[in-house]
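Inspection log for the structure reproduced underneath, given as structure tokens.
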Amino acid sequence: MAGTRGFQKIGEFLYEIPVSFREGMRVPARFYADDELAAAMAGDRSLEQLVNTATLPGVVRHVLAMPDMHQGYGFPIGGVVATALPDGVISPGGVGYDINCGVRLLASRLEAEQVAPHLDDLASAIYANCPSGVGKGGQVKLKPGELDEIMEKGARWAVRRGYGTEADLERTEESGCLAGADAAKVGARARDRGKDQVGTLGAGNHFIEVDRVEHVADEALAGRLGLSPGQVVVQIHCGSRGLGHQVCTDYVNLFQKAVRKYRFELPDRELVCAPLSSLEGRDYLAAMTSAANYAFANRQVLAFHIRRSFEQVLAGKVKNFGLYQIYDIAHNMAKIETHVVDGRRRELCVHRKGATRAFGPGSEVLPEVYRDIGQPVLVPGSMGTSSWVLVGTEGAMAQTFGSTCHGAGRTMSRHQAKRSVHGAALRQELEAGGIHVRAGSLGGLAEEAPAAYKDVDRVVGVVHGAGLAKRVARLTPLAVIKG
Amino acid sequence: MTHSPQARPPIRRFEEVEHTADRALRVCGRDLAELFANAALGMNSLMRPAACGRPSIAKEIELEAIDAESLLVAWLSELAFWAETESLVFTHFEFFGISATRLRAVASGDRVGAFEKHVKAVTFHNLVIRSQAGGLTATVVFDV
């Protein structure tokens with residue numbers, strides 16, 4: 001569906017593709033963009049993928065895409081699709097393979113100038129303490145039965161084991177533990193893949209970044225979050241590792257049969273789904289929730305190793321090197337939530353694939369500390385550029401089932417990025433810009449080159465302008481650690 | 001039916017096609033066995049393993065699925081699983097039986113020190129095995 005034929009601009013930053021566009025659409029498809037981002041979206045197959053999601057049984061109001069949307073498989077990355085309980089569907093492809101891929105933000109009480117002389121050592125210590133790369137196992141040895149506990153308790157398990165504090169849990173989406181997990185619904189292969197990966201970063205676009213708060217857009221909100229100009233903070237971007245990948249693989253495979261059983265006609269086999277009320281649907285939700293809890297535990301253990309790295313490098317050199325948690329959010333997830341649709345409160349399954357929950361002020365599910373300002377939203381940009389801290393809004397609740405963007409969004413394929421960017425040269429360029437880089441693979445570094453991504457400031461400008469989130473602070477990198 | 005790099009067919013076995021976020025391969029084969037072997041070799045090329053020696057490890061693989069596309073995903077997922085959990089790269093494939101819904105094969109390969117890239121999963125996205133002049137073709141999208 002390359003080109004702009006078929007979509008209409010219905011707001012300053014909002015476009016709509018009506019149900020008349022293609023047979024089988026049950027609701028309109030809407031996406032948020034400015035003119036330049038809309039043109040970029042029309043350049044790959046993401047809009048076609050968005051239209052495909054509008055054919056899912058039980059889909060409600062409209063399917064949505066955020067301004068960082070790009071082509072994925074099945075759902076586009078940046079897609080938000082809500083289905084109504086009890087008989088609407090849940091789709092593993094609507095969550096993706098990296099279940100509860102997300103971002104955690106830790107903050108220090110240090111200024112960038114205080115850390116600058118130690119940054120190289122800090123990057124090395126984090127790289128050494130946080131295992132990264134393909135299939136790399138971690139330092140956490142699990143006792144029999146402990147993997148089940150991780151899947152059912154999430155970050156609570158990690159805190160009980162001494163990897164964090166209650167304050168970390170309070171500042172984590174769902175307090176780091178989603179209800180409804182059932183580890184018995186997770187297969188043997190997923191367990192095999194996950195058993196030694198707790199506390200590991202993995203590869204691909206996952207990273208740890210030491211950042212500086214470069215700009216505060218809203219002083220009052222930044223103050224409430226504990227952010228100030230010049231401050232050193234740390235982002236962790238990763239998910240449920242091999243365990244989550246295998247849960248999705250297993251259920252996408254299983255659901256190939258389910259769609260025949262329920263006689264669903266779908267435009268793409270990666271969209272396979274089952275009614276939320278069915279045994280298959282309930283089993284997947286319980287398994288996905290288990291993998292999501294594993295991801296919360298994973299980021300909690302990584303946070304512990306980062307705190308340990310700060311202590312190893314900075315103790316005795318600077319005071320107050322401790323890190324406290326700002327928030328931890330998921331951007332690949334399906335969750336049962338209550339939203340107002342056509343004036344009526346309804347129980348929905350909200351699929352966010354490359355989209356972030358962005359609940360506004362007053363939401364009962366937010367921790368007390370943030371309830372009056374809205375949920376913190378963490379939007380990592382491309383490597384070497386910048387990232388944003390936002391807060392959720394009432395506008396997001398009204399327009400997007402409480403959702404907003406999750407990153408910059410790719411524009412260039414990994415293949416193309418590797419052809420046009422040389423990993424060693426990119427590393428030199430980043431280091432010349434004062435960014436300390438630790439990367440296991442120069443090829444992997446090239447694939448994540450800033451040139452392969454959209455401009456995160458533009459993406460954030462759209463969600464801010466459309467009222468889907470409020471800008472709070474912009475972060476720029478001091479050190480990047482990648483698998 | 002043995003398929004190894006030495007027994008190279010006179011067609012392009014696989015080629016990468018552009019995909020914005022992930023990796024995609026167009027794979028060809030004169031029959032299902034060759035298509036599956038070439039898909040496995042193509043996936044190896046995405047993972048970029050460190051140099052591997054002569055095949056010294058063999059695994060018997062038996063799979064069933066509802067159709068040929070599901071069988072292809074199951075086959076590649078099986079090999080990706082061994083790559084992640086045991087650092088195994090398979091380069092030679094002997095099929096003792098293959099149909100649209102079932103296969104029995106021995107995959108031979110070696111353990112490698114590291115992979116540059118991680119194949120997280122093999123997707124069904126727009127996956128169709130098509131007949132074309134001279135054999136079969138399919139485009140497989142990998143989550144990386």
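Readers should treat all values here as calculations from the given coordinates under stated rules, not as data from a laboratory. Because the structure is a prediction, the values reported are computed rather than measured. Note that we place each Cβ from the backbone using ideal geometry, even for glycine, and neighbour counts take in every protein chain shown.
Mean per-residue shielding of peptide A:243-254 is 4, counting Cβ atoms of other chains within 10 Å of each Cβ. Legend: ranking of residues A:SER363, A:SER132, B:SER70 from fewest to most surrounding C-beta atoms inside 10 Å; resulting order A:SER363, B:SER70, A:SER132.
Tell me the mean residue ellipticity at 222 nm calculated for the protein assembly as shown from its helices only (DSSP H runs of n ≥ 4, each -39500 (n - 2.57), averaged over every residue, nearest 500). It would help to have the intermediate numbers written out before the result.
Numbers: 19 runs with 198 residues, N = 627.
After summing the helix terms and dividing by the residues of the protein assembly as shown, the value is -9500 deg cm²/dmol.
Over all other residues within a Cβ to Cβ distance under 10 Å of A:MET288, the charged ones net out to +1, with Lys and Arg as +1 and Asp and Glu as -1. Contact order, relative form, for chain A: 22 percent (alpha carbon pairs under 8 Å, 6 or more residues apart, mean separation divided by residue count).
The long axis of helix A:456-465 is offset from the longest Cα principal axis of chain A by roughly 60 degrees. The spacing between region B:29-56 and region A:369-408, judged by their C-alpha centroids, is 42 Å. Counts of other chain beta carbons within 10 angstrom of each beta carbon in peptide B:20-27 average 6. In terms of the mean number of neighbouring beta-carbon atoms within 10 Å, the peptides A:191-199, A:385-393 order highest first as A:385-393, A:191-199.
Exactly which trypsin sites (Lys or Arg not before Pro) in region B:22-112 are in a DSSP loop and have at most 15 other Cβ atoms within 10 Å? Don't jump to the answer; show the numbers that get you there.
Numbers: sites: B:ARG23, B:ARG26, B:ARG30, B:LYS59, B:ARG102, B:ARG104, B:ARG111; in loops: B:ARG30.
Passing sites in region B:22-112 are B:ARG30.
Over the C-alpha atoms of region B:11-143, the Rg to Rh ratio, Rh being the Kirkwood estimate, stands at 0.93. Taking the alpha carbon gyration tensor of region A:106-219, multiplying each eigenvalue by 5 and rooting it gives semi-axes of 31, 19, 13 Å, largest first. Which log10 I(q)/I(0) values, to two decimals, does the protein assembly as shown give at q = 0.06, 0.07, 0.09 Å⁻¹ under the Debye formula with one point per Cα? Log10 I(q)/I(0), no solvent term: -0.29, -0.40, -0.67.
In chain A, the longest principal axis of the Cα atoms and the axis of helix A:423-432 are about 60 degrees apart. Compute the angle between helix A:279-314 and the longest alpha-carbon principal axis of chain A, please, reported from 0 to 90 degrees and rounded to the nearest 10. For A:279-314 against chain A, the angle is about 20 degrees. Each part reduced to its alpha carbon centroid, region A:410-483 and region B:106-144 end up 28 Å apart.
Relative contact order of region A:313-442, taken over Cα pairs closer than 8 Å and 6 or more residues apart, is 18 percent.
Mean separation of Cα pairs under 8 Å and 6+ residues apart, divided by the residue count of region B:11-143: what relative contact order is that in percent? Display every interim value, and only then the final one.
Numbers: 280 pairs, mean separation 41.4, N = 133.
Relative CO of region B:11-143 lands at 31 percent.
Looking at region A:58-150, the trypsin sites (Lys or Arg not before Pro) that sit in a DSSP loop and have at most 16 other Cβ atoms within 10 Å of their own Cβ are A:LYS141.
Look at the stretch B:65-73: the mean tally of other chain Cβ atoms within 10 Å of its residues' Cβ atoms is 2.
Remark: region B:26-75 is approximated by an ellipsoid whose semi-axes, taken from the C-alpha gyration tensor as √(5λ), come to 22, 14, 10 Å, largest first.
Extents of region A:343-483, taken as max minus min of Cα coordinates on every principal axis and listed largest first, are 55, 28, 26 Å.
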